[in-house]
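Report on the following structure.
The values are calculated or read from the model by the stated rules, or taken from the named source; none is laboratory data. Owing to the predicted nature of the structure, the values given are computational and were not obtained by experimental measurement. All Cβ positions, even for glycine, are placed from backbone atoms using ideal geometry, and neighbour counts span all protein chains on display. Quick note on the areas: whole protein, heavy atoms, side chains included, nothing else; ligands and nucleic acids left out. Shrake-Rupley method; radii C 1.70, N 1.55, O 1.52, S 1.80 Å.
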Amino acid sequence: MDKEYRFRILLPNGTSVHLKLQNPEPKMPFGDFIRRVEEEYVRTWRQSGSLKRKREINWKGGSFLLVDAHDMKIQNVVNFKNFKPHQCHTLTLQDGLRQTATTFENMWDLTPDTDILRELPQEYTCETALADLIDNSLQAVWSNEDKHVKHISVDVTDDMISIFDTGPGMDGSDENSIVKWGKMGASLHRSYKEQAIGGKPPYLKPYFGMFGYGGPVASMQLGRHALVSSKTKDSKKVYTLNLDRDALLKGSNWKTGGSMREPEEDEISRTPHGSFTKVEISGPKLKLDISQLQCKLKDIYFPYIQYDEDSKSGKTIMPVKFEVNGVDLAEIQGGEIAITNLHSCNGPDFVLQLQFSCKHDNTSKSPDSKTYTKANARLKCVYFPLVKGKENIDRILEGLESEGCRARVNFETFSRVSIRRLGRLLPDARWDWLPFMDLKQKRGDTAQLLKRCCMRVKCFIETDAGFNPTPSKTDLAHYSPFTTALRNFGIKPLENEKDIKVQFYRDGNLLNPSQLKRDYEDWILQMHAKYDDEADCGQDQPVFVVSPANKKALRISSEVARVHKSITRNGITWKCGQRIKLLKGACAGVHNNNVYATIEYFLLEGLQDESGGEARILCRPSRLSGEKGCILSFNDGDTNLDMGESLSVPLSVIDAGKCVAVERTEWDNHIERQRQKSPSTIELLGAEQCQELNVDGALPVDARAGKAPPEEIVAVIRPGNYVYSSASKTLDQKYIVKSNLEMSMEVNFRGNAEDVHHIFSVRVGPKSLKGIPGLYVFPLKCKLPGFFRSAGVYTFSFHLNDSDCKSAERRVRIRPSSKVGRWGLLNDDQLPLYQVRVGSVFPSLSLACYDVCDNRIPFATTLEVVAKVETNGVELFHVEKFRKELSTCNMTLTVKGILIESNKLDKLRPRYEATLVVCAENGLFSVSVPCQVNPGPLQIVKALPPILENQVLPGCSIQEFILEMFDGYGNHVTEGTEVQLKLEGFSIQDRLGTARMVDHHGCIDLGGLLKVTAGYGKNVSISVYSNDVVLLNLQSQTEKRVLRISSKVPEVCMAGTQMENLIFEIVNSAGVVDDTIHHEEKSGQLHMLTIKASSFMEESVRYTFKHGRCTVPAISVPQVEGSFYFVAAHSSHPELHLNVKVPVVQVPKEKYDDLFIKKEKHDETQIPCELLPLQVGNLMVPKVEHHEFQPPCPNGNISLLPDSSCLLQLETFKEQENYIRELGIRIGDLEEKLDIFNKEKAKVKQELSDLQGSVEPYKEESLNRIESMSHTAAAIICSLSREVSFQETNNHFMGDVIGLVTLLGTVGTTNLSRILAEYLGKDQMLAIVCRSYAAASALEKFVQSGHGEVDSMHSLYEETVLLKKSARGRSFVICLEDIRPYTGDFEGSDPQRKLALPDPVLPSGNAPDGFLGYAVNMVDLDIHHLHTVTSAGHGLRETLFYCLFGELQVYKTREDMLVARSCIKHGAISLDGGILKQSGVISFGVGEPEICFPVAESLLLLTSANVVEVEKQIEEKKSVMMKINICIEKVTKNHRRLLKRFKKTKKLGHKLLETIRSRQEESSSPVKEGGQLLNANSSQSL
């Protein structure tokens, strides 16, 4: 590591050089060292011309010797081990000559840092400079050991100022160099400042150094020359430093001289421990007063001079001995602190400990100006009481003034705050108040007392080093955040103070602002009660006032007060009735002028010998009469003191010389001047005077209504010496009273009636115009823009408030305008809403005429009037009949007998509100009367449209039928009018009965409600009654219909046979079949035919009408001969009936009975009557008879009689041959028809598929997917449902099959469809829904059997056989009759009949987020299932879907579902895949179910008319398909039977032929001939 040795060489000729040696050898020859010194000397002399030529140094032949600071001599060799590297060592060079210098130039380098020069104080006084030097001394002695003397001595003469201290001293070393005293910014104590933050008040840690220029700047401020001498305890030499102000300012560098010398005897004697520092300043600039200097220094350093706060024994501690010109400052009696302490109350002080903290460091440009993050302060509030009527603060000021220690101030301007920093007084830090001390804005019972007593408090603040001072150390730094926070302590911190946190404690307890305020006020009241002493007693016996109610007016706070009439103060007696003069500024209420008053009473608080009471003078100002003064009264032993308008002033005004007695002459002169100047009268300036003031302010005397009022009016107060003799003096200032009182103006109005109405009041103060003060300017036009519009008398009254001045009054008369403004109704404000019926007379109207200002004026004598009724500003009709009357004075126009006649009232419906307008013929003026014109009573009824015969069909509803109700003028009557209907042949479908109310259109709408109940060809009628009067009678007749047989009825029937395929039809009067007679249970159209015969038939056997026709398959004929009677009748309309009579004869015996032994047994099934001749599209299906012809051998057996001949056998063979030929032809016909049926079936099937795809495209995919599941019950049912309508399979179990669960409804979204399918599962989605358990049992056999063992209605059986399918595996069936239905309410009138389930509620009472609804309501039923109900009338939603879903809740997300668990009772699902079962099992994830609900918009399902129409077409196509299947089944069955018979008959024919041939060979010739014939025939047919 490099080593550098620095030396300060003091040369014998009085100069000095600085030598630096870098890494020298441990030892250097003495000559080499001297040579280096010489070289440095020559170089320095050449570079700087400041070195004066001194005596020559004998460098060549001199006898050189080096002496160090310890008098150690160096010769021959310089040993560097004796010197510390990197430090400066002072050596004195001696050259052997006797002339050796004692001081040396440029010995010390005092060049300051550039940053320090920027911070030099701008204002620096001699007292401040001297305090800075003493600060250095105090800092020095404070670091002494306890056993060492701490002494500071200041000696001031005309020629010299000397500061001597016994501190550690300084030398030439780097650590303790005397240069640091003289070099700005090099203070030895600046680094100790942080140690002075915190601790115990009053923070006696005198580390004042902050800026580093106290020593040199202060010494140069005091004088021109300064010599600093200092010695350390260990050094033998005294180091000196010379400062010359002129040399430093004029020179190019800051190097100065110094020396090393022996200590003087005086210096040794004053510092026993051997260290000291002495500053001697010669040539002081100012002459200082020693006495005042002693007082000021004692005030500044008082805690360091004498201090007893921490003394446990009570003795005064003297930390440092301070002397000024040999006088110990602890012994002098003067000074502000000593005098202040003398006059304090010696009571408990109000002490607060404050702790300040800052959130961050604010570092200035100078590193020594750092704002620390913490600071502490102690606030000690001291109470200076009022003693014997005099403020102790005044005594302090008198004492200070007598000593000449401070400038003149008074009680009000006396500083209430003084600040010390580290125990040192900051002289300029004398603040008025801290915010918490200021109680001037206090309100309440004790407010006045606190306002006075807080003036007796002074706050002494002790701060630590956390607070920064100003550079001159006379005040706290103004912009320091801690200073700002301290100055604002007690109020809410400002925005820039929010980084500062202040905590304050009292007696160790943390306070808040409200507690601080309360404790401080309580302390003041305690000090006042204990130490304040206004006066002992009066000169007379007191009158006691206990608990006065007007303590605030009396300005006292005690519950007891003594009233005196005489009191002695400072040897002078003051009495009741004495006249005094209170000088301005004497007290509150006496500010700008002297107040002449009369003493009434003296008021002393509290009882005698009690402290804390105040004394006050109650006096009445000269301007008040005796009645308005103070009154002392007695009532039943209670004393009451009423202040009136008197003043309550403190007794201290006497002591302050602010209250003086007044002689009679002065008083009389004052009263006279007061009388002459006091207000006497009020005068309103006229137009001429207002014009001089440039004011539009003249009030008229008489004017027409509508005249604009003046902008302003001006009033003045005339004094008592004003005489109304000359108008020229009205604006003379001496005749206008200048007053601070306010003047009131009140404006009242009296119209034609005698009542006076208040209009306007205003209060204004005096102002100056054109240099003339005392003018009262009242605004008028801007305040009352509509002034002078009402006719009558306006009275302006002027009154001077709080004065005996006489009031003034001015009246203005306003007459109506001659211009007409409007017409109006009399008593318009009480006018009710007129109600009148058409045809009646309107009430009489009384009209008045008003001018443009709304004043009433007479009508013109020639006046034409028009009346009309309007609505919304549009004329409805004119009133033709009325009469008018004009009063004798023409002031009132009366319109009577207004007859209302019109047929246009429908335009006013429904409220009939209108306006009756009565106006002049020219239309300029009118009166509008709101009214309600109601229609008259019901008189006319019209039917719309009229009932026609083609509308009146039995069982039909009349869709359009409206009864219009009119009054006698043709207006629809009012809503709610009641009429009675009488109906014959009709019924009303709702439950309201025949009493009906007119609707808001004036009509009664019976469209869709009237149903024809009369039969065909019957008379019907509708009558309308009102008040038992028939207003309308409509009569008509229902259409005529006839029942007839269109098929041929046999003329005669064989007994025991059947009449087959009888066709009945219903025709209209024109003979045309009425195809509307069509049986359809779903739509409620019941058209059936009953056949009744008393012999064998019951009426319960019925046959359905299809498009006006009904086919009866067979009617059995009785077994006996005679006439067969039966009656055919319509089941609902018995008037449609037909009586049929048919003769019955016995059956003749068969021709071949003798040839056959046995009859053939027939087991063919009867063909149902409804399957006989039917129309399928354009194809007519033929009737298929079972007994078209009989074979010769019915049973196929041939039995020949023993005597049969060959000829007879041959005849039989011929008949057999013909029968076989007939069978072949019939079989061919059946095959052709079967082909036609199959083609038609394929066509209808394609049309059905297209229709189903158009109306339910959303189901097509589901149908295909289900049909692909072969050998399942669902697939079978799905396939059948495409072609068969289960509802039309009458008397069959499939009629109770509703369908599959998945196909009964739709949902709105794919996510909902998927999650509902997952929740139910595939088995329940494909479950078959049946109405009854019987249907379910039959269905089970049907789908599990491939042979149709169930009664399959043929077509279903055939479909199953054709599909070659039978169900395998497990299938689910749901029986609706076994389901317990939902029993609650439903939502509104929705055709979907959704269940009214309550929304879930969380325990908090709120609805859960994400709740979408209940699953049972989110499935929309298909339109053809909306009316599917059970036998008990319950629909699919309240049975099937309520059974499947229950009250399953649907949520938007899993999170919503889980949050709502507390209100879920029957499970829940979420659209993103969450499933919560009722058992508590939760499943998540997204599944892909194979079978889902179809997705479609429910709105389209419910409202599309096309869908309804296509659904109807689908059902019709399914019906046609079913019929075609039945026909195919029958034709196929007959084809098989005939083919079987054909083969059997052919076999029998061959057998007969063989028999004949064998017999032929045995027979004779005739037989042979027959055999030849037989062979010929057999070769052709067989």
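Hey, quick one: spin label on Lys388, modelled 7 Å out along Cα-Cβ, who in the range 329-361 has an amide N within reach, i.e. under 15 Å?
Zone members listed by number: 343.
What's the local net charge at Pro29, with K and R +1, D and E -1, over the other residues with C-beta under 13 Å away? List each step's numbers first, then the result.
Working: positive: Lys27, Arg35, Arg36; negative: Glu25, Asp32.
So the environment of Pro29 carries a net charge of +1.
Taking the simple approach of a point 7 Å from Cα along Cα-to-Cβ for both Glu885 and Lys287, what is their distance in nm?
11.9 nm
With labels modelled as points extended 7 Å from the Cα through the Cβ direction, what inter-label distance (nm, one decimal) is found for Lys942 paired with Leu97?
In this crude spin-label approximation the distance works out to 15.4 nm.
For Val1373, what accessible surface area do you get with a 1.4 Å probe? Give it in Å², rounded to 10.
60 Å²
Taking only protein heavy atoms into account and a 1.4 Å probe, give the accessible area per residue of the range 740-856 in Å². Mind showing how you got there, number by number?
Numbers: 6420 Å² over 117 residues.
Normalised by residue count, the accessible surface of the range 740-856 is 55 Å².
Highest mean first, how do 232-238, 1417-1423, 1397-1403 rank when packing is the count of other Cβ atoms within 10 Å averaged over residues? Let's see the in-between values first.
Values: 232-238: 17.6, 1417-1423: 21.6, 1397-1403: 12.6.
The most tightly packed comes first, giving 1417-1423, 232-238, 1397-1403.
For Glu672 and Arg395, FRET efficiency with R0 = 41 Å and r from the beta-carbon atoms, rounded to 0.05? Walk me through the numbers on the way to the answer.
On the way: r = 42 Å, r/R0 = 1.02.
It comes out at approximately 0.50.
What order do Lys1322, Lys1452 take when sorted by accessible area (1.4 Å probe), most exposed first?
Working: Lys1322 100, Lys1452 125 Å².
Final ranking, largest accessible area leading: Lys1452, Lys1322.
Please give the contour-minus-distance gain from Lys1322 to Arg224: 0.36 nm per residue of separation, less the Cα-Cα distance, rounded to one decimal in nm.
Values: separation 1098, 0.36 × 1098 = 395.28 nm, distance 11.60 nm.
Length gained between Lys1322 and Arg224: 383.7 nm.
Just flag the GluC sites (Glu not before Pro) in the range 981-1083 sitting in loop per DSSP whose Cβ has no more than 10 other Cβ atoms within 10 Å.
The qualifying sites are Glu1051.
Just flag the trypsin sites (Lys or Arg not before Pro) in the range 746-824 sitting in loop per DSSP whose Cβ has no more than 10 other Cβ atoms within 10 Å. Kindly include the intermediate steps, with their values, before the conclusion.
Details: sites: Arg750, Arg763, Lys767, Lys770, Lys781, Lys783, Arg789, Lys806, Arg810, Arg811, Arg813, Lys819, Arg822; in loops: Lys770, Lys781, Lys783, Arg789, Lys806, Lys819.
Hits after loop and neighbour filter: Lys770.
Taking the Cβ of Val1486 as the centre, find all other residues whose Cβ is under 12 Å away and add up their charges (Lys, Arg: +1; Asp, Glu: -1). Write out the running numbers ahead of the final one.
Numbers: positive: Arg1314, Arg1454; negative: Glu1318, Asp1472, Glu1488.
Surrounding charge for Val1486 is -1.
Work out, step by step, the length gained on full extension between Leu784 and Lys517: first 0.36 nm times the residue separation, then minus their alpha carbon distance; give nm to one decimal.
Numbers: separation 267, 0.36 × 267 = 96.12 nm, distance 4.96 nm.
Contour length minus Cα-Cα distance gives 91.2 nm.
With a 1.4 Å probe and every protein chain left in place, work out the accessible area per residue of the range 1050-1129 in Å², rounded to a whole number. Kindly include the intermediate steps, with their values, before the conclusion.
On the way: 4200 Å² over 80 residues.
Per residue, the range 1050-1129 has an accessible area of 53 Å².
Can you tell which of Ser768, Val747, Val649 lies farthest toward the positive end of the dipole of the range 638-770, using +1 and -1 charges on the Cβ of basic and acidic side chains (Lys, Arg; Asp, Glu)?
The one lying farthest along the dipole's positive direction is Ser768.
Give me the net charge for the shell around Ser16: Cβ to Cβ below 10 angstrom, other residues only, Lys and Arg +1, Asp and Glu -1.
On the way: positive: Arg8, Lys255; negative: Glu105.
My count for the surroundings of Ser16 gives +1.
Quick one: accessible surface of Asp246, probe radius 1.4 Å, all protein chains present, in square angstrom to the nearest 10.
60 Å²
Give the residues of the range 845-884 whose amide nitrogen is closer than 11 Å to a point set 7 Å from the Cα of Thr894 in the direction of its Cβ.
Under 11 Å, as judged by backbone N against the label point of Thr894, lie 845-847, 884 of the range 845-884.
Taking the simple approach of a point 7 Å from Cα along Cα-to-Cβ for both Asp428 and Lys628, what is their distance in nm?
Placing both labels 7 Å along Cα→Cβ, they lie 5.1 nm apart.
Determine the alpha carbon to alpha carbon distance for each of Lys200/Lys451; Lys1341/Lys1530; Lys451/Lys658; Lys1245/Lys1543 and list only those over 26 Å. Mind dumping the intermediate values first?
Details: Lys200/Lys451 33 Å; Lys1341/Lys1530 24 Å; Lys451/Lys658 20 Å; Lys1245/Lys1543 35 Å.
Beyond 26 Å: Lys200/Lys451; Lys1245/Lys1543.
Subtract the Cα-Cα distance of Glu913 and Glu1121 from 0.36 nm times their separation in residues, and report this length gain in nm to one decimal.
66.3 nm
Report the calculated FRET efficiency for Ser846 and Glu901 (r = Cβ-Cβ distance, R0 = 25 Å), to the nearest 0.05.
Working: r = 23 Å, r/R0 = 0.93.
So, using R0 = 25 Å, E works out to roughly 0.60.
By accessible area of protein heavy atoms, probe 1.4 Å, what ranking do Asp533, Asp1323 get, highest first? It would help to have the intermediate numbers written out before the result.
Values: Asp533 40, Asp1323 90 Å².
Sorted descending by solvent-accessible area, the residues read Asp1323, Asp533.
Given a Förster radius of 56 Å and the C-beta distance between Leu1034 and Asn922 as r, what FRET efficiency does 1/(1 + (r/R0)^6) yield to the nearest 0.05? Let's see the in-between values first.
Values: r = 53 Å, r/R0 = 0.95.
So the FRET efficiency works out to roughly 0.60.
DSSP loop (so not H, G, I, E, B), at most 12 other Cβ within 10 Å: list which trypsin sites (Lys or Arg not before Pro) in the range 960-1049 pass both filters.
Arg991, Lys1048
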